[in-house]
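The values are calculated or read from the model by the stated rules, or taken from the named source; none is laboratory data. Note that the structure is a prediction, hence the values are computed from the model and not measured. No Cβ is skipped: glycine too gets one built from the backbone with ideal geometry, and neighbour counts run over all protein chains shown. Calculation scope for accessible area: heavy atoms of the full protein, side chains included, ligands and nucleic acids excluded. Shrake-Rupley method; radii C 1.70, N 1.55, O 1.52, S 1.80 Å.
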Amino acid sequence: MPALGVNEPACTLCGRCLVACAAGRAVLTGALDPAWLEQSLLRVDGPAPPAHIRLCRHCLTAPCVDACVARALRRDAAGDAVSLDSSRCVGCYSCVMECPFSAPLARAVSGNAGRGTVIAKCDGCAQLPEPLCAAVCPTGAIRAAGDARSASSRARRRRAVGLGLAGHR
Amino acid sequence: MEQRFVNVDAKLCTGCAMCELACSYHHEGCYSPRLSRVRLVRFEDRGFSVPATCAYCERPICEEACPTAAFAHDPATGAARVHEARCIGCKECVNACPLGVIDLHPVHGTPMRCDLCDGDPACVKLCPTGALALQLVSDAVRDKRRAVQTARIRLAEAGGLES
Amino acid sequence: MTRYLIVGLNVAGIAAMKAIRELDRAGRIVAVSGESHLPYSRVLLPRYLAGGAVREEMSLEPADFYRAEGTRVIWGRRVVALDHERREAALDDGTTIDFDRALIAAGGSPIIPGHLAGPGVTGLRTLEDAVLIRERASAGTRVCIGGAGPVGVKTACALAELGVRPALIVASGRILSQIADPEAASLAQRRLELHGVEVRLGTDISRALRGRAGLEALQLSDGTAVPCGLLVLCKGVTPNVAGMPSAVHGRSGIAVDGMMATRMSGLYAAGDAAETRDLIDGQTKVTAIFPNAAAQGRIAGKNMAGATAVFDGSLPRNALDLLGLPLISIGLVAAGLDARHAVRATRTAGSYRKLVYRDGLLVGALLVGEVMDAGVLQARIRRNLAGSPGLREPGQLMGEAG
Amino acid sequence: MKPTGGHILHVDLSTGRNWTEPVSEAHTAAFTGGRGVGAALLWHGTGPGVQPLGPDNLLIFGPGLLTGTAAPCSGRTTVTAMSPATGLYVKTSGGGHFGAQLKYAGYSHLVVHGQADQPAYIWIDDGKVEVRDAARFWAMDGRTADAAIKHAIGDEDIQVALIGPGGENLVAFAAVMFSVHHAAARGGAGAVMGSKRLKAVAVRGTGAIAAANPSRFHDLAARAREALQSESGYAGLAKYGTSGTLNALNEQRILPSYNFQRGTVRDGYPLTGEALVQEGYLKGRVACFGCIIGCHRRTAVERGRFAGTETCGPEYETMSALGSGCGLLDTGAVLKANDLCNIYGLDTISAGGVLQWAMECREKGLLTAGDLDGVDLRWGNAEAMNAMIRKIAFREGFGSVLADGVRRAAEQVGGDSYRWAVQAKGLEQSRVDTRSAKAYALAFAVNPRGPDHLHTETFAEFGMSPESRALIREITGDEELAVPYLTDKRAEIVRWHEDCYALTEALGFCVFTTTALYGITPRLMADMFSAFTGLEATADDLMLVGRRAVTLEKCINVRRGADRKADTLPWRMMNEASPDRPEAINGREELDRMLDEYYRLHGWDPATSWPTRPCLEALGLEAVAAELERAGKIGGSGGRQS
């Protein structure tokens, strides 16, 4: 998956990312729950800019994975994304305590004793070429570039050097 | 303390990649541009190459963006260090760096950033054309100032400069 | 080819194994696991006890993982002696294993004072402990819990979920005294009591009263006695260091440096057996928390495989779900607040949040109810403790608005 | 990665399948890498009847064993195939950065088999290999295609080897282009690529190369750098590039001019490396991967009718082939023609060769303006040259005649035009006047791909540097033999350079470092080989690796039917002197004497030029001997090993 970059000052809280994420999930999973908008895997906290965009960065040595006592959070086999198996989540809040981006979101679940709350988080849109939130973000507050390990350095380096050269000539 | 950094004179660069080889050997014991802290940007259609490396910003945005304080500096030389055990591989530094000169190590997943090789950068030593130099900012500016004015005088003497 | 030995196979040992394998595909790794089960998450034991987790879900790694990593695991054995000079470990079945580098990650055992030890008294550290407690509790045995640290409280919650009414016997004046202040503790206590937990503060267990049927009651230090058929002691763990060379011993566990190396070359330690620097008070001690074990194990593994990695120190922290009420405690929250410290607390219905500042920098957070920004606060605390406060203000910190 | 430099990657364009093959230590010790392994792959992978433009030909990309390391100037890539120009073995070497990238992707060689149905390109992303559709890149010039492919992949830092329209249209001297402006030019490897409908090979390699003994190797690389930098020719080559030699050759009246009719041009200054620098054409120096010299040029034309031209080069060979050879004495015009050849993917030497031949035919009345589709190919007519270069690349009108190379063009035009076709074996001679350089003459005659300097450059015979004279003393025992018009001991001089040259290209070094500058010695190469692979080898061992490659290359031609008759020089070299050096000619008798000595020195049969069994066995090529024996092509007892 591409690396996700977040630039909070650019966010206008337009909410397109939330709709894209939730609608995309609803379409992909076929679960057209009336509360689909609540199913977005990221959150944008307002009420006014500057926003706090709560989105998983899919860290390579993810503290949430270290802390997950139930092994519900793991780096997936390809090593690209931090994936969540919500059926294993026991709602212990360890990941919430660890994540410096407050990306884990609490979701109430009914039934099952002791699992009143489980965690939801970005799955990196693994089945899509580009994460939906980044694809629809009009201001560049959420960007996806490169791959997880080389991130966006390559393009940035080229652009920066290109600008320098332009000034040079 | 005034910070030294590896200054790049793009006009002298031939694109030979010796800087990348020197850097990867110094830090990793092998030859691999991917593992180098200095990276060449090539514009091959025009035969142009420019090395890009950490500019040692006065206000390093990469460090500000790091949620775990994984960057540190050598108190004596100011050289950047990466506290790898603190790094969680979130890529915030990569995204923050406007020059694109922080990449993540493909095995360790931690940022690779120029550390000036304990004050004697391997890339500078192996650069065959002098395109790279370890300099103080003030020295780099002084040299540039003189070079530009020398060129002006030459041009004026050749009758090419009006005023 | 390097020969690696991992003594004790749980969170730290597994993390070390992965780190070694990432850097050294060829080395020989042998792990000695004290239990015969696949390594499981001990933190889930209260949940298992309550029936909220099944056995398979507790495994830290699937059964085929160890073979895939190229590790030979010796199950159900303990290392009884580690001969550093001969680079040889003796197991309790008389066999020996040679090694070049070894990791001591044997964890800890519940502290059970001699005057209480005997039938009807147990800790909660193994699957067997959990099964025993569940069976006895379900059969109507009156269960008491000694100690109200995170494990004791979680055990109380689990029993409450199971529908029994345990008694929580607390020597200190409040529950969770190490990680909560009186206000948070009382919120937590109310939550427990609401679900039928009986909390007895300020009194210790002085004697176990046993009859023909085994344990019958507990004599408490305040002079009263409580009926009790099963006592679960949750008063912390003591590091498993028996058999390890005396040169590596610290105050209670194994003394290590930042690279998780002991004083003896080639010997490393990680997890609940290792003493590391506490980032808050600077003292060296065992900080037995789950994420620490993973981080220390990984760092030990990297160093064992020839890389260089340095552990920063331990930041005490805990997250608890108290029957639907989350509580997260990070860093300095209650003890030792002097004039250098300032406290900012906010209260709303159902939530209590306290931020602790030292010299103007955030060094502690205690959150009850509203906890979702805890990770952001932890990151700030860590940056401050590392002497590298962020120059860029984070977007919005809910707790700092007030 | 293993010290052997990675696996051999095979891609079959007929089936779309790909597979890898490990390289054994024994194979590395015998053939080393690059050119040596390429020759072995071609011997084993093709038969005597292979059609150069058919699906059974192989196209082999082989960076050197040390390519991708800090060994200075080790970034060269050898392309090996059967040549459509000569019908014989061809290897052609290119610079740029492609080879190193292939190595970082984990491959020592790429072997392309078969033929695609539709235009295709190969995308190698480390371990992931795909054959992709290239329909939209077909007919694009090299510069445009390079950018378009990088855009399609979404990564401008990848490396691309590609062909221009020249290769697509099977021009006999089409080049494979690396990194846009670096050509593996000679012998039509680009046409082989075109016949396979392979527009490009794109590579992204993110791996690493480690020596078996890293610190020893790194120290040796430092020593090699110092050795090169202290060479007397180093600074000049860096400053003025390869065309820095042009002025001296012109003054000595051995600069091939007007289709080798003359040895000098008046006012040759615009073609010199000095002019590029002093007249402001030079915009910067360009290095191949790992090169500390940077002899390649980044140039631009700012004034005159070709203003706006930006290119890389030209090399000495181009200045002579498109400049003095065509009577074109205008720097900007040569730069423009050079750029056209680069982007159309044509060898500038052969392009110049066919153009100057056509000019001579035009002058002497064998070709009329009408024959040439109205293109007025007169000496020095830049516009006409540019128009014809385009017609060659796209095979339009008379361009299609020239696109088949000067040998076949002369067959079509007839008359005396064969005498002016300065070629042998079907390859246009490169820009050395062999009439005045006897070791070069011998080397050109025995060169398995035809008369050129890029198989065995015997630069030392000119005695132009102290290092050259010392080397001639080392080879022959007599420094006084470092004179180009002597014929004594030329066989020894050629064989030493053959061994060294083939070894150089097996390791991936630029031949300028070993046989033009002599800074990197066989001894140093052996030490670097040992440190890199962990297989201890002496200089003699490694020179034998070179000889093994040279011999195997010879055997490929022998299997194909070549014999002593093929080892000759162009008619003009052997029959006409230039008025500027009337005494200098490559006489039949003189050449035959040198050939006899050369074959005997190798242990080849002087009657047929075929290698003998003892010679092949001594090099461990028993299986090759057996196959040649079965074909009745093994040398007889006339050969004597020495």
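Note on segment D:239-252: residues that are under 13 Å from residue D:293 (Cα atoms) and open to solvent by less than 10 Å² (accessible area, probe 1.4 Å) total 1.
Among helices (runs of 4 or more DSSP H) entirely within segment D:350-459, having at least 1 residues that are within 25 Å of residue D:585 (Cβ to Cβ) and β-branched (Val, Ile, Thr) singles out D:406-413, D:438-446.
Listed here are the residues, each with its yes/no results for (1) hydroxyl-bearing (Ser, Thr, Tyr); (2) buried (at least 22 other Cβ atoms within 10 Å of the Cβ); (3) without any contact (Cβ under 8 Å) to a residue 24 or more places away in the chain.
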residue: C:147; (1), (2), (3): no, yes, no
residue: C:162; (1), (2), (3): no, no, no
residue: C:179; (1), (2), (3): no, yes, no
residue: C:183; (1), (2), (3): no, no, no
residue: C:190; (1), (2), (3): no, no, yes
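A Cβ distance below 8 Å, combined with a sequence gap of six or more or placement on separate chains, defines the contacts here; from segment D:280-305, residues that are touching a residue at least 12 places away in the same chain (Cβ under 8 Å) reach residues that are assigned to a loop (DSSP other than H, G, I, E, B) and among the basic types (Lys, Arg) in the pairs D:288/D:76. Screening segment D:253-279 for residues that are among the polar types (S, T, N, Q) and free of Cβ contacts under 8 Å to residues at least 60 places away in the same chain and picking the one that is least open to solvent (accessible area, probe 1.4 Å) gives D:272.
Scan the strands (runs of 3 or more DSSP E) fully inside segment C:291-350 and keep the ones with 2 or more residues being out of contact with any Ser or Thr (no Cβ under 9 Å at 6 or more places or on another chain) and without any contact (Cβ under 8 Å) to a residue 24 or more places away in the chain.
Strands (runs of 3 or more DSSP E) meeting the threshold: C:341-348.
Among the residues of segment B:17-62, those identified as of a type in the set (Ser, Thr, Tyr) and either over 19 Å from residue D:182 (Cβ atoms) or more than 10 Å from chain D (Cβ to nearest Cβ) (or both) are B:24, B:25, B:31, B:32, B:36, B:53, B:56. Scanning segment C:90-110 for residues being open to solvent by 60 Å² or more (accessible area, probe 1.4 Å), on the phi > 0 side of the Ramachandran plot and within 29 Å of the chain's Cα centre (by Cα) gives a total of 0. Quick one: is residue D:64 under 30 Å from residue D:404 (Cβ atoms) and either among the hydroxyl-bearing types (Ser, Thr, Tyr) or touching a residue at least 60 places away in the same chain (Cβ under 8 Å) (or both)? It is false that residue D:64 is under 30 Å from residue D:404 (Cβ atoms) and either among the hydroxyl-bearing types (Ser, Thr, Tyr) or touching a residue at least 60 places away in the same chain (Cβ under 8 Å) (or both). If you go through segment A:75-108 and pick out every residue that is facing chain C (nearest Cβ under 7 Å) and either part of a strand (DSSP E or B) or polar (S, T, N, Q) (or both), you end up with 3. Among all positions in segment C:45-59, there is no residue which is open to solvent by less than 60 Å² (accessible area, probe 1.4 Å) and away from chain A (no Cβ under 14 Å). A count restricted to segment D:282-329 and to residues that are away from every other protein chain (no Cβ under 13 Å) and among the basic types (Lys, Arg) stands at 2. The set of residues from segment C:312-351 being at positive phi and open to solvent by less than 40 Å² (accessible area, probe 1.4 Å) comprises C:313, C:323, C:331. Among the numbered conditions (1) polar (S, T, N, Q); (2) within 14 Å of another protein chain (Cβ to nearest Cβ); (3) closer than 18 Å to residue D:389 by Cα, the only one that residue D:169 does not meet is (2).
Taking segment D:25-75 as the range and being within 14 Å of chain B (Cβ to nearest Cβ) and part of a loop (DSSP other than H, G, I, E, B) as the test, the residues that pass are D:64, D:65, D:66, D:67, D:68, D:69, D:70, D:71, D:72, D:73, D:74, D:75.
With the condition kept exactly as written, say whether any residue in segment C:346-354 is in contact with a strand residue (DSSP E or B) (Cβ under 8 Å, 6 or more places away or on another chain) and among the hydrophobic types (A, V, I, L, M, F, W, C). Checking segment C:346-354: not a single residue is in contact with a strand residue (DSSP E or B) (Cβ under 8 Å, 6 or more places away or on another chain) and among the hydrophobic types (A, V, I, L, M, F, W, C). When residue C:367 is tested against the conditions (1) within 14 Å of another protein chain (Cβ to nearest Cβ); (2) under 21 Å from residue B:63 (Cβ atoms), the lone failure is (2). The set of residues in segment A:8-32 that are away from every other protein chain (no Cβ under 14 Å), among the hydrophobic types (A, V, I, L, M, F, W, C) and under 30 Å from residue B:65 (Cβ atoms) comprises A:14, A:17, A:18, A:19, A:20, A:21, A:22.
Can you tell me which of C:133, C:145, C:111 is touching a Gly at 6+ places or on another chain (Cβ under 6 Å) and closer than 20 Å to residue C:322 by Cα?
On inspection, the qualifying residue turns out to be C:145.
Within segment C:211-224, residues that are closer than 14 Å to residue C:171 by Cβ and part of a strand (DSSP E or B) reach partners that are open to solvent by less than 50 Å² (accessible area, probe 1.4 Å) and among the polar types (S, T, N, Q) with beta carbons closer than 6 Å, at six or more positions or on different chains, in the pairs C:220/C:203. Condition test on residue B:39, is it under 20 Å from residue D:291 (Cβ atoms), of a type in the set (D, E, K, R) and crowded, with 24+ Cβ neighbours inside 10 Å? When the stated conditions are applied, residue B:39 passes them. Here the condition is being open to solvent by less than 40 Å² (accessible area, probe 1.4 Å) and in contact with a strand residue (DSSP E or B) (Cβ under 7 Å, 6 or more places away or on another chain); of D:69, D:28, it holds for D:69 alone.
Criterion applied to D:175, D:145, D:135 was being farther than 30 Å from residue D:208 by Cα and either at pLDDT 95 or above or surrounded by 23 or more Cβ atoms within 10 Å (Cβ to Cβ) (or both), and the one residue passing it is D:135. On inspection, residue C:219 passes the criterion of being open to solvent by 10 Å² or more (accessible area, probe 1.4 Å) and touching a Ser or Thr at 6+ places or on another chain (Cβ under 9 Å). Here residue C:248 meets the list (1) touching a Gly at 6+ places or on another chain (Cβ under 6 Å); (2) buried (at least 21 other Cβ atoms within 10 Å of the Cβ) almost entirely, failing just condition (1).
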